[in-house]
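Only one structure is covered here, and it is reproduced in the block below.
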2 protein chains.
Amino acid sequence: MLSPSDLSAMERTPRAMLINSLPGYKPAMLVGTCNSKRLTNLAIITSHFHLGSNPPLLALILRPSSGRSERHTLANILENKSWTLNSFTLKESAMAHQTSAPYPRDESEFNTCGFPVEWQEGVTSPFVEGAALQVGCEFREHHPLDINGTHLLIGEVTHLSFPQEAHRCDGSLDLMHMGVVTISGLDTYLLPSTSQRFAAAEIDVAPRRL
Amino acid sequence: MLSPSDLSAMERTPRAMLINSLPGYKPAMLVGTCNSKRLTNLAIITSHFHLGSNPPLLALILRPSSGRSERHTLANILENKSWTLNSFTLKESAMAHQTSAPYPRDESEFNTCGFPVEWQEGVTSPFVEGAALQVGCEFREHHPLDINGTHLLIGEVTHLSFPQEAHRCDGSLDLMHMGVVTISGLDTYLLPSTSQRFAAAEIDVAPRRL
């Protein structure tokens, strides 16, 4: 059992490794942005989440202190009011991880890390060409979080593409079919294999496997 | 490809199924809370995330409209300034999912769904006894998000326990060893099996597998 004093006594890197493990498995996507001159940026992100379905809202946490590429992402979103989320496969995870290196602003991770750019009509940010899941978001709200200098950015989903065969009749996406990965801590990329589905839970009804 | 008008034309349930699939795999934990009379509540959550490691901060999104148990969680946190996060296994996922049924406030999901309560010194919220990962958080900040009526709650990690054999030398936790699950969409519980780890990314250095 670790107490607050144990945590504050830890060295910076092992503490970051530990605390980043606490949410459990995290979502893994590549965030595509650009500035007003269409200088592109691509960054791996794990602190993003569903905020609501109607309107369809997703949100990101960006940390100014955790790598220059994230600062570029934040600056681009505030300048250009848009971002994309793009899935990647386990085979691509080495190069997705490489986007977290502190590349200078004028070097695009799309080029350096080997992810081809795709522009789509009506979306001002770049997509990763060939990504199974492509989500275009328009910026809606910015909440600076004073407690540690991070930023919460909320966007509305305005564009969506995925393979039709991964779209189940009930509306959900089959992420395993799409090869989507998940992340543990700061450095581990994983593929789920075993799954169980359940019907919506009701009082006085036992859980029903789908 | 789906446009904003396609999305707004969808029916409520399939749209929720689709939009909840968009972040990719989500973290899955059970949130333990109680009110000032120690009436306990347990709710499954997938919209929680790492906010920072120093101080160690985690955050939750709670949606007033998505089930009565979440409203209880929000009320309890605001009343009692504390919550716990508890991992569960794939074998326990049916009963973890069952916590999302709209139980009345005076019925504790700990009892009804078969998760034994554990109280620990210095933490005012209840833990799930036997959970491999137990995190105690003290409430720090509340940000109501006007865009859709959700609430962002930020807490500091003040208590932490996990099996020593899952704590790697570098500080990270081996979530696979602990049997932690991940969630896709609203109803699918998965176990990762294949993984790759990489060293911290650097400019001009090829990705290095660990």
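Think of chain B as a dipole: +1 on every Lys or Arg Cβ, -1 on every Asp or Glu Cβ, centred on the Cα centre; then among B:MET17, B:ASN35, B:ALA59, B:MET17 lies furthest on the positive end. Charged side chains reduced to their Cβ positions (Lys and Arg at +1, Asp and Glu at -1) give the stretch A:131-177 a dipole of some 60 debye around its Cα centre. Quick one: divide the alpha-carbon radius of gyration of the protein assembly as shown by 2.2 N^0.38 Å and tell me what you get. Relative to the rule-of-thumb radius for its length, the protein assembly as shown sits at 0.92.
For peptide B:161-171, what's the mean number of Cβ atoms from other chains within 10 Å of each residue's Cβ?
Average per residue, whole number: 4.
Under a Cβ-only charge scheme (Lys and Arg +1, Asp and Glu -1), can you give me the dipole magnitude of the stretch B:32-168 about the Cα centre, in debye to the nearest 20? If you can, show how the numbers build up before the last one.
Working: 10 positive and 14 negative charges, 41 e Å.
The calculation lands at about 200 debye.
Here A:CYS169 yields copy-to-copy label distances, from shortest upward, of 5.3 nm, the label point defined as 7 Å from Cα along Cα to C-beta. Taken residue by residue and averaged, Cβ atoms of other chains lying within 10 Å of the Cβ of A:176-182 number 4.
When each of the peptides B:166-172, B:25-31 is scored by the mean number of other C-beta atoms lying within 10 Å of its residues, the order from highest to lowest reads B:25-31, B:166-172.
Hey, can you rank B:43-49, A:147-153 by average C-beta count inside 10 Å, highest first?
B:43-49, A:147-153
Here is how far apart the B:PRO14 label points are across copies: 5.3 nm, shortest first, using a point 7 Å from Cα toward Cβ. The Cα center of the stretch B:33-50 and the Cα center of the stretch B:104-135 differ in position by 9 Å.
Take each residue in B:31-44, count the other chain C-beta atoms within 10 Å of its C-beta, and the mean is 0.
Pair-distance distribution of chain A: all C-alpha pairs, bin width 5 Å, starting at 0; shares per bin in whole percent are 1, 6, 13, 18, 19, 16, 11, 8, 5, 2, 0, 0. For the protein assembly as shown, a simple Cβ point-charge model (Lys and Arg +1, Asp and Glu -1, everything else neutral) yields a dipole of about 40 debye relative to the Cα centre. Treating each Cα of the stretch B:95-210 as an identical point scatterer and summing with the Debye formula, the log10 of I(q)/I(0) at q = 0.13, 0.19, 0.21, 0.22 Å⁻¹ comes to -0.82, -1.36, -1.40, -1.40. 3J(HN,Hα) along the stretch B:172-189, derived from phi through the Karplus expression 6.51 cos²θ - 1.76 cosθ + 1.60 where θ = phi - 60°, amounts to 6, 9, 8, 5, 4, 4, 7, x, 5, 10, 10, 10, 10, x, 9, 8, 10, 10 Hz, with x in place of Gly and Pro. Spin-label model, A:ARG38 to B:ALA206: label points 7 Å out along the Cα-to-beta-carbon direction sit 3.3 nm apart. Label-point spacing for B:GLU107 across the identical copies (point 7 Å from Cα in the Cβ direction), in nm and ascending order: 5.9. For the stretch A:7-65, the Cα gyration tensor yields ellipsoid semi-axes of 27, 18, 9 Å (square root of five times each eigenvalue, largest first, whole Å). Here's the picture: charge each Lys and Arg Cβ at +1 and each Asp and Glu Cβ at -1 in chain A, and of A:ALA101, A:LEU160, A:LEU85 the one pushed furthest to the positive end of that dipole is A:ALA101.
Only the coordinates and a few stated rules stand behind these numbers; no lab work does. Fair warning: this is a prediction, and the values are worked out from it, not measured in the lab. All Cβ positions, glycine included, derive from the backbone under ideal geometry; neighbour counts span all protein chains shown.
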